[in-house]
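The values are calculated or read from the model by the stated rules, or taken from the named source; none is laboratory data. Nothing here was measured: the structure is a model prediction, and the numbers come from that model. Methodologically, a virtual Cβ is constructed for each residue, glycine included, from the backbone with ideal geometry; neighbour enumeration extends over all protein chains shown. All accessible areas refer to the heavy atoms of the entire protein, side chains included, with ligands and DNA or RNA removed. Shrake-Rupley method; radii C 1.70, N 1.55, O 1.52, S 1.80 Å.
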Amino acid sequence: MTGVVERLVPDKLWQLFKRVVPEAPSRPQGGGRRRHGDREVLAAIMFVATSGCTWQQLPAAPFGPSGATAHRRFTEWTKARVWTKLHRLVLDELGSCGHLDWSRCAIDSVNLRALKGDLTGPNPVDRGKYGSKIHLLTERTGLPLSVGISGANLHDSQALIPLVKGIPPIRSRRGPHRRKPGKLHADKGYDYRHLRQWLSQRGIRHRVARKGVESSQRLGQHRWTIERTMAWLAGCRRLHRRYERKAEHFLAFTSFASTLI
């Protein structure tokens, strides 16, 4: 059991996770079952996220906690915003080591099928079937800086401002925290004058593909990195199709996948 847990949750990830996970509640009266360790539960959640299995299908033998226990702890940690804190902590560690390239960023989205739940809508590119969108903003090498979710019928342009504002202040190798890229690359879905003006007012140079001018067959010299990141997100098979009814649970898996990237 220990080998599987350590393989899914390496020591470096576990040390970071311990800094953001809330303390276990105490039982003054004593008694009750022994609480499963946080590392074992995190490994179980990792298995569900990467394999795409349901909580009921989670094998308890390799990890210890059952699917119901892992789901209950996942819900508790989601309410405590553990996944968002973990993602930001990883960004701070990367930023302090100089591994984040702020010279240019890219923004894009990906559609996926959703059966039911909050923040869903008819997908205009999938025969109107209900789905959700994952909106992503990455730095130059493709590491996710800001993520968000919406219904599949939300236009990509409406997510640009929330994503840029959602970049947290991240530690730098030298100087103050940073949360603003030098340039922002985007495709034709973001080709609107008010978005260009909004970026210019904040000192962000925009590189947005223009409708009717640039070919849609090419990803461009710099925007291919975010397409690769979208493929990396697909490595988290729980994101192939949205199964979570609650939007905060779906966003939690998205933040978790971004942390693994």
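In region 249-260, the condition of being open to solvent by 10 Å² or more (accessible area, probe 1.4 Å), at pLDDT below 95 and either aromatic (Phe, Trp, Tyr) or assigned to a loop (DSSP other than H, G, I, E, B) (or both) is met by no residue.
Within the set Arg178, Arg241, Arg237, the sole residue that is of a type in the set (D, E, K, R) and farther than 24 Å from Gln57 by Cβ turns out to be Arg178.
Residue by residue, here is whether (1) out of contact with any Pro (no Cβ under 6 Å at 6 or more places or on another chain); (2) of a type in the set (Asp, Glu); (3) open to solvent by less than 20 Å² (accessible area, probe 1.4 Å); (4) within 19 Å of Tyr243 (Cβ to Cβ) holds:
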site	(1), (2), (3), (4)
Leu16	yes, no, no, no
Arg19	yes, no, no, no
Pro25	yes, no, no, no
Leu42	yes, no, yes, no
Arg88	no, no, no, no
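Annotation: of all residues in region 69-80 being in a helix (DSSP H, G or I) and open to solvent by less than 70 Å² (accessible area, probe 1.4 Å), the one that is farthest from Arg34 (Cα to Cα) is Thr78. Only a single criterion out of (1) assigned to a loop (DSSP other than H, G, I, E, B); (2) within 20 Å of the chain's Cα centre (by Cα); (3) within 26 Å of Gly166 (Cα to Cα) is not satisfied by Met46, namely (1). The number of residues in region 120-175 that are assigned to a loop (DSSP other than H, G, I, E, B), open to solvent by less than 30 Å² (accessible area, probe 1.4 Å) and β-branched (Val, Ile, Thr) comes to 1. Scanning region 196-214 for residues that are over 17 Å from Arg104 (Cα atoms) and either charged (D, E, K, R) or crowded, with 16+ Cβ neighbours inside 10 Å (or both) yields Arg210, Lys211, Glu214. If you go through region 224-243 and pick out every residue that is assigned to a helix (DSSP H, G or I), of a type outside the set (S, T, N, Q) and open to solvent by less than 60 Å² (accessible area, probe 1.4 Å), you end up with 5. Could you please give the count of residues in region 122-139 that are touching a residue at least 60 places away in the same chain (Cβ under 8 Å) and of a type in the set (Gly, Ala, Ser)? Residues that pass the stated criteria total 2.
Select from region 74-131 the residues that are of a type in the set (S, T, N, Q) and in contact with a helix residue (DSSP H, G or I) (Cβ under 7 Å, 6 or more places away or on another chain) and list them in ascending order. Give the derivation first.
Within region 74-131, the subset of a type in the set (S, T, N, Q) is 75, 78, 84, 96, 103, 109, 111, 120, 123.
Once the filter is applied, which keeps residues that are of a type in the set (S, T, N, Q) and in contact with a helix residue (DSSP H, G or I) (Cβ under 7 Å, 6 or more places away or on another chain), region 74-131 yields Thr78, Thr84, Ser109.
Just one of the listed residues (Trp83, Trp102) is among the hydrophobic types (A, V, I, L, M, F, W, C) and assigned to a helix (DSSP H, G or I), and it is Trp83.
Sub-9 Å Cβ pairs linking a first residue in region 176-191 that is within 30 Å of Ser96 (Cβ to Cβ) to a second residue that is hydrophobic (A, V, I, L, M, F, W, C) and modelled with pLDDT under 90, at least 6 apart or interchain, are His185/Ala209; Ala186/Ala209, ordered by first then second residue.
Go through region 90-119 and give me each residue that's more than 23 Å from Arg241 (Cβ to Cβ), touching a Gly at 6+ places or on another chain (Cβ under 7 Å) and surrounded by 16 or more Cβ atoms within 10 Å (Cβ to Cβ). Those that are more than 23 Å from Arg241 (Cβ to Cβ), touching a Gly at 6+ places or on another chain (Cβ under 7 Å) and surrounded by 16 or more Cβ atoms within 10 Å (Cβ to Cβ): Trp102, Arg104.
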